[in-house]
Amino acid sequence: MDVAFTVNGEARRVDAAETTSLLEALRNHLGLMGTRYGCGLEQCGCCMVLVDDQPAYACTRELGTVIGRKVTTVEGLGTEAKPHPLQQAFLDEQAGQCGYCLSGILISAKALLDRNPDPSRADIVAALDKHLCRCGAHQRILRAVERAAETLRNGRPA
């Protein structure tokens, strides 16, 4: 089946069964490798994407559920030349070690900042609670989200 949806602002089509996971379609059909496979059970958050600006697990979400919808992956946040303020803040705070979890964390952090431009530390912790990071970079991750929120509030574009 030909499944049509928007990915990172671009109309895309995937020739796959509607029951194919969104993660498989993104990685194997569209070559978007930033979204990661972690547990496959919605327990780690590595596969998080935005579907119509809402965080969603790509590992268990069926491709057929995004027909005609807007999907944003970590590749859609910014570019190497012009990173999103979240990406820049994560670099500035050295918020990652291995980086495996960061694409999902960045997506959830973007969803948080889109709905709450001035989150408390507790708001950030709650928004990222579903993400598993084994590197111990939690404090740097929290600081990076706080830094990005400040950058966005001060009028620097997302």
_Meets criteria (closer than 15 Å to Leu106 by Cβ and in a strand (DSSP E or B)) for Leu50_ = yes
*Being aliphatic (A, V, I, L, M) and not assigned by TED's automatic domain parsing to the domain that holds Cys135 narrows it down to one of Leu32, Leu106, Leu112, so name that one.*
Leu32
*Among the residues of segment 99-113, which ones are in a helix (DSSP H, G or I) and either of a type outside the set (Ser, Thr, Tyr) or within 9 Å of Leu86 (Cβ to Cβ) (or both)?*
Leu102, Gly104, Ile105, Leu106, Ile107, Ala109, Lys110, Ala111, Leu112, Leu113
*Which of (1) touching a residue at least 12 places away in the same chain (Cβ under 8 Å); (2) surrounded by 14 or more Cβ atoms within 10 Å (Cβ to Cβ) is the odd one out, the single condition Asp114 does not satisfy?*
(2)
*Go through the residues of segment 103-116 one by one and say whether even a single one is farther than 19 Å from Tyr57 by Cα and at pLDDT 95 or above.*
yes
*Scan Val71, Val125 and give me the residue that is in a strand (DSSP E or B) and out of contact with any helix residue (DSSP H, G or I) (no Cβ under 6 Å at 6 or more places or on another chain).*
Val71
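The values are calculated or read from the model by the stated rules, or taken from the named source; none is laboratory data. Quick caveat, the model's predicted, so the values are computed rather than measured. Methodologically, a virtual Cβ is constructed for each residue, glycine included, from the backbone with ideal geometry; neighbour enumeration extends over all protein chains shown.
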